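Q: Following this message is one structure expressed as structure tokens.
The values are calculated or read from the model by the stated rules, or taken from the named source; none is laboratory data. Every value quoted in this text rests on a predicted model; they were computed, and no experiment measured them. No Cβ is skipped: glycine too gets one built from the backbone with ideal geometry, and neighbour counts run over all protein chains shown.
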Amino acid sequence: MRLKRVLFLTLLAAAFSGVRPVHAQSGAQSGSLFETVRALDSELFQAYNHCDLTTLGAMVSADLEFYHDQTGLSVGRDLFIAAIKQNICGKVERTLVPGSLEVYPLKGYGAVEIGVHRFRHPGHPEDTPGEAKFITLWRNQNGSWTLTRAISYDHEPLKQ
């Protein structure tokens, strides 16, 4: 487990060691790494928002590590899917904050995605929507992308 953490931290450090982000504003075109990851994010959270646990499960690795500032670490696809089913389905919806997405290549691995997302409780307009930052690692194996690590942090009510 210690080796996995060291590898994870090494990958994050590499991601932030002067590698320039691939932003939509910098002219990324269809088919680019940015567009690929943006589409993956959209597909993942379409499944999340509509409780499509089959699609969601197919998009995350069996050894997924999910770090959350309020609930801590959970490891494994099965635990992740069970938590989504119990705590998210029909209760929470997520949207990506426009303009917040950054994508960085991870040589020989895939990509790191960084952004800000918002959460709301459908059918409960009295609830204050929340906002948080996130970092996800996507692994590309032979053209097949899976989410392997996710960090969701700095959760707070949306400032109106």
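Q: Search region 68-88 for residues being within 17 Å of Y48 (Cα to Cα) and surrounded by fewer than 11 Cβ atoms within 10 Å (Cβ to Cβ), and hand back the single one that is farthest from the chain's Cα centre (by Cα).
A: So the residue we want is Q86.
Q: What pairs come up if the first residue lies in region 52-68 and is free of Cβ contacts under 8 Å to residues at least 24 places away in the same chain, the second is small (G, A, S), and their beta carbons are under 6 Å apart, counting only those six or more places apart or on different chains?
A: Filtered contacts from region 52-68: T55/A47.
Q: Anything in region 84-111 that is within 28 Å of G143 (Cα to Cα) and aliphatic (A, V, I, L, M)? List them, or say none.
A: I84, L96, V97, L101, V103, L106, A111 - these are the residues of region 84-111 that are within 28 Å of G143 (Cα to Cα) and aliphatic (A, V, I, L, M).
Q: Now for a separate question. Go through (1) closer than 23 Å to S32 by Cβ; (2) surrounded by fewer than 17 Cβ atoms within 10 Å (Cβ to Cβ); (3) within 14 Å of the chain's Cα centre (by Cα) one by one and return the number of the condition R149 breaks.
A: (2)
Q: Being small (G, A, S) and either farther than 13 Å from Y153 by Cβ or buried (at least 17 other Cβ atoms within 10 Å of the Cβ) (or both) is the filter here, so list the residues in region 102-140 that pass it.
A: Let us first name the residues in region 102-140 that are small (G, A, S), namely 108, 110-111, 115, 123, 130, 132.
Scanning region 102-140 gives G108, G110, A111, G115, G123, A132.
Q: I've got another one for you. Here is a check on your reading of the model: is G108 closer than 26 Å to E35 by Cβ, in contact with a helix residue (DSSP H, G or I) (Cβ under 7 Å, 6 or more places away or on another chain) and at pLDDT 95 or above?
A: no
Q: Then there's this: (1) within 18 Å of A150 (Cβ to Cβ); (2) charged (D, E, K, R); (3) modelled with pLDDT under 95: which one isn't true of D52, the others all being true?
A: Unmet condition: (3).
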